[in-house]
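The values are calculated or read from the model by the stated rules, or taken from the named source; none is laboratory data. Quantities reported herein were computed from a predicted structural model and do not represent experimental measurements. Every residue, glycine among them, receives a Cβ derived from its backbone with ideal geometry; neighbour counts consider all protein chains shown.
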Amino acid sequence: MTSSPNSDCVEHLSVVLACDTINLERIRAHVVELCGRVGFPAAEAAKVQLAVDEAAANVMLHSCGGDAAQEIEVDITCCADEIEVILRDRGVGFDPASHPPKDLKQHLAVFKVGGLGVHLMRTLLDEVEWTKGVSGNAVRMVKRVHDAK
């Protein structure tokens, strides 16, 4: 995270949950709650909420294969002008190179259901970074508030 002009506004939450899609609602609620505590703009928080929901669902369904016995670690750090969310798991991981940017017209023309989560994450956020290592996988997401000029 970059430093905020008002560093005392920083809120942090770290929670470990079962890799069960029932926990998606809880993760979304944590994002909204922390954003609200520090005055992160609601419209920007909604973008983060959608992107984090997509990322967490991907971890639960694909990396962890729907195995609720596995865990997802959720770390959220938020201040008034920036939020960082890191999701960690020990599943099979994700290769972002296997998902190049989408041609939306082509994708929508074939009426394909799903497949836009990574595209949404890249579009809605300022940074999305996937890492895979011996200790597990992580997706790091950052959204900054940009001054309207």
Just give me the residues in the stretch 55-76 being surrounded by fewer than 22 Cβ atoms within 10 Å (Cβ to Cβ) and of a type in the set (Gly, Ala, Ser), in sequence order. Ala57, Gly65, Gly66, Ala68, Ala69
Among the numbered conditions (1) over 15 Å from Val139 (Cα atoms); (2) among the polar types (S, T, N, Q); (3) modelled with pLDDT under 95, tell me where Asn23 comes up short. (3)
What are the pairs, 6+ residues apart or on separate chains, where a residue within the stretch 81-99 that is touching a residue at least 40 places away in the same chain (Cβ under 8 Å) has its Cβ under 7 Å from a residue that is crowded, with 20+ Cβ neighbours inside 10 Å and in a loop (DSSP other than H, G, I, E, B)? Ile83/Phe40; Asp89/Cys19; Asp89/Cys64; Gly91/Cys64
Tell me yes or no: at least one residue of the stretch 84-97 is surrounded by 15 or more Cβ atoms within 10 Å (Cβ to Cβ) and at positive phi. yes
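Here is a yes/no grid of residues against (1) basic (Lys, Arg); (2) part of a helix (DSSP H, G or I); (3) over 18 Å from Gly91 (Cβ atoms):
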residue: Arg26; (1), (2), (3): yes, yes, yes
residue: Glu33; (1), (2), (3): no, yes, yes
residue: Gly36; (1), (2), (3): no, yes, yes
residue: Ala45; (1), (2), (3): no, yes, yes
residue: Cys78; (1), (2), (3): no, no, yes
Take the residues in the stretch 108-149 that are of a type in the set (A, V, I, L, M), modelled with pLDDT under 95 and assigned to a loop (DSSP other than H, G, I, E, B); name whichever of them is farthest from Ala42 (Cα to Cα). Val134
